[in-house]
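Contents: one structure, followed by commentary.
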Amino acid sequence: MVTAILGLRVGEVLALRISDLDFARRIIRVRQSVDAATRLPQAVKSQASAADVPMPTQLEARLRAHLKRHEGKSELLFVNRRGRPFSANKLREKQIHPLLVRLGIPRGAFHSMRHGAASALLAAGVTPAVVQKQLRHSDPRITLGIYGHVVGNQRRDAVENRLAA
């Protein structure tokens with residue numbers, strides 16, 4: 001849910017610490033990323049990637065519920081049964097892909113959720129500058145050129161709405 005709503009990279013989600021959640025200010029601090037090979041926290045991808053992102057109400061409720069089950073196994077927010085960071089590859093293989101099959105959705109991965117979050121924001125009329133800031137891209141061309149997918153009937157709806165105005 002964190003990836004799908006906020007558009008965080010999977011390594012950033014897996015590196016989130018409980019202390020990165022600021023419920024009073026309703027933000028999540030993104031400061032590190034889990035390396036896919038070693039599963040050790042490291043610096044985020046770029047200087048622009050280290051930022052505070054807003055915590056929507058629906059996500060806040062889910063995170064609070066998750067913390068009640070967390071049992072203080074680790075300072076990390078998401079850990080496996082051994083208290084270690086999850087493997088993104090194992091999560092994809094054991095959780096995401098079976099879920100997509102059950103839902104009848106074509107196979108995808110965590111990064112697809114990042115693309116989906118960007119596309120949903122743009123489709124909702126959020127300005128490209130805000131989407132760039134949310135995804136923490138240093139260059140707006142990346143946000144629009146790579147992440148700005150046209151979804152469904154957006155082109156048709158845009159033309160129809162323009163003609164109706």
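Tabulated values for the structure
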quantity	calculated
Paramagnetic reach from Asn80 in the range 107-128 [backbone N under 12 Å; point 7 Å along Cα→Cβ]	none
Under the Karplus curve 6.51 cos²θ - 1.76 cosθ + 1.60, θ = phi - 60°, whole-Hz ³J(HN,Hα) for the range 12-29, x wherever Gly or Pro sits	5, 5, 5, 8, 4, 9, 4, 5, 7, 8, 10, 5, 5, 8, 6, 9, 10, 8
Top of Leu91, Leu63, Leu144 by mean-square fluctuation, Gaussian network on the chain, Cα under 10 Å	Leu91
Ser46, Ser119, Ser112, reordered so the largest accessible area comes first (probe 1.4 Å)	Ser112, Ser46, Ser119
Anchor Lys45: lysines whose Cα lies under 23 Å away (excluding residues fewer than 8 positions away in-chain)	Lys90, Lys133
Gain in span if fully extended, Ala4 to Ala24, counting 0.36 nm per residue against the direct Cα distance	4.9 nm
Solvent-accessible surface ranking, highest first, for Ile5, Ile27 at 1.4 angstrom	Ile5, Ile27
Exposure rule at most 16 other beta-carbon atoms within 10 Å, DSSP loop GluC sites (Glu not before Pro): the chain longest free segment	76-165
Where labels lie 7 Å past Cα in the beta-carbon direction, separation of Ser46 and Ile146 in nm	0.8 nm
The chain - percent relative contact order, Cα under 8 Å, separation 6 or more	24 percent
Cα centre as origin, Lys/Arg/Asp/Glu Cβ charges: the chain dipole, Debye	500 debye
Highest-MSF residue in the chain out of Lys68, Lys133, Lys45 [GNM, Cα springs under 10 Å]	Lys68
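The values are calculated or read from the model by the stated rules, or taken from the named source; none is laboratory data. Worth saying up front: this structure is predicted, and the values here are computed from it rather than measured. Cβ atoms come from the backbone with ideal geometry, glycine included; neighbour counts cover every protein chain shown. The accessibility values were calculated without ligands, DNA or RNA, using every heavy atom of the protein model including side chains. Shrake-Rupley method; radii C 1.70, N 1.55, O 1.52, S 1.80 Å.
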